[in-house]
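K.L.:
For reference, the structure I am asking about is given below.
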Amino acid sequence: MNARKSGFSRRTALIAVGAGVAVGLASKAMAAGTDETNSTDLANAVEILRRALVDGDGETLTKLAHDDLTYSHSDGRVWTKRDLLENIAGKKRYLEISVSSQTVSVVKQTGIVRHTYDVVNNLGDGKTSSSHIKVLMCWIKSGKNWQLLARSGTTVPA
């Protein structure tokens, strides 16, 4: 089996995020067809991800992050799954992450989540900073579980 058939490319991930934006803008009639169970399961996965980021829980992050993850920060940095694990697992990078204004949409095996993150970052030596960002996530259903394929954060305009 070649690599193209075995996984998702970054291009596929970006296409999926673009499709998610289109889904978010779709009519209420399209949203009415959303499977409530899948939406609830996806919202639960998002909460598990939030806790894993705060706790530095590498085992949970490994399970939730798709192998072809592209994780884009509001400052333009882009992480792979490996980068995410190297920078988060076993560390207390985030002291707090609060989520608000969350929307969850599911279309077949693709989930789109939008929300606002308020983050307290641990800078070390007792120093902290805070971030207020909008986040767009694209999730895919793998068997019975949701995995994060793409994430993009952007600073909220002042």
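K.L.:
What per residue convex hull volume, in Å³, comes out for region 65-147 when only alpha-carbon positions are used? The partial results should precede the final answer.
P.N.:
Details: hull volume 9.2 nm³, N = 83.
Looking at region 65-147, the number lands at 111 Å³ per residue.
K.L.:
Of the listed pairs LYS63/LYS91; LYS63/LYS134; LYS92/LYS141, which have alpha-carbon separations greater than 20 Å here?
P.N.:
Numbers: LYS63/LYS91 17 Å; LYS63/LYS134 24 Å; LYS92/LYS141 28 Å.
Flagged as over cut-off: LYS63/LYS134; LYS92/LYS141.
K.L.:
Moving on. Suppose every K and R has +1 on its Cβ and every D and E has -1 on its Cβ; what is the size of the dipole of region 30-155 about the Cα centre, in Debye to the nearest 20? Provide the component values of the computation, followed by the final result.
P.N.:
Working: 16 positive and 15 negative charges, 31 e Å.
Computed charge dipole of region 30-155: roughly 140 debye.
K.L.:
Starting at the first residue of region 111-118, write each ³J(HN,Hα) from the Karplus equation 6.51 cos²θ - 1.76 cosθ + 1.60 with θ = phi - 60°, in whole Hz, x for Gly and Pro.
P.N.:
In residue order, the calculated couplings are x, 10, 10, 10, 6, 10, 9, 10 Hz.
Throughout, read-outs are computed from the coordinates displayed, never taken from laboratory work. These numbers come from a predicted model, not from an experiment. Counting neighbours? That spans all protein chains shown, and the Cβs are built from the backbone with ideal geometry, glycine included.
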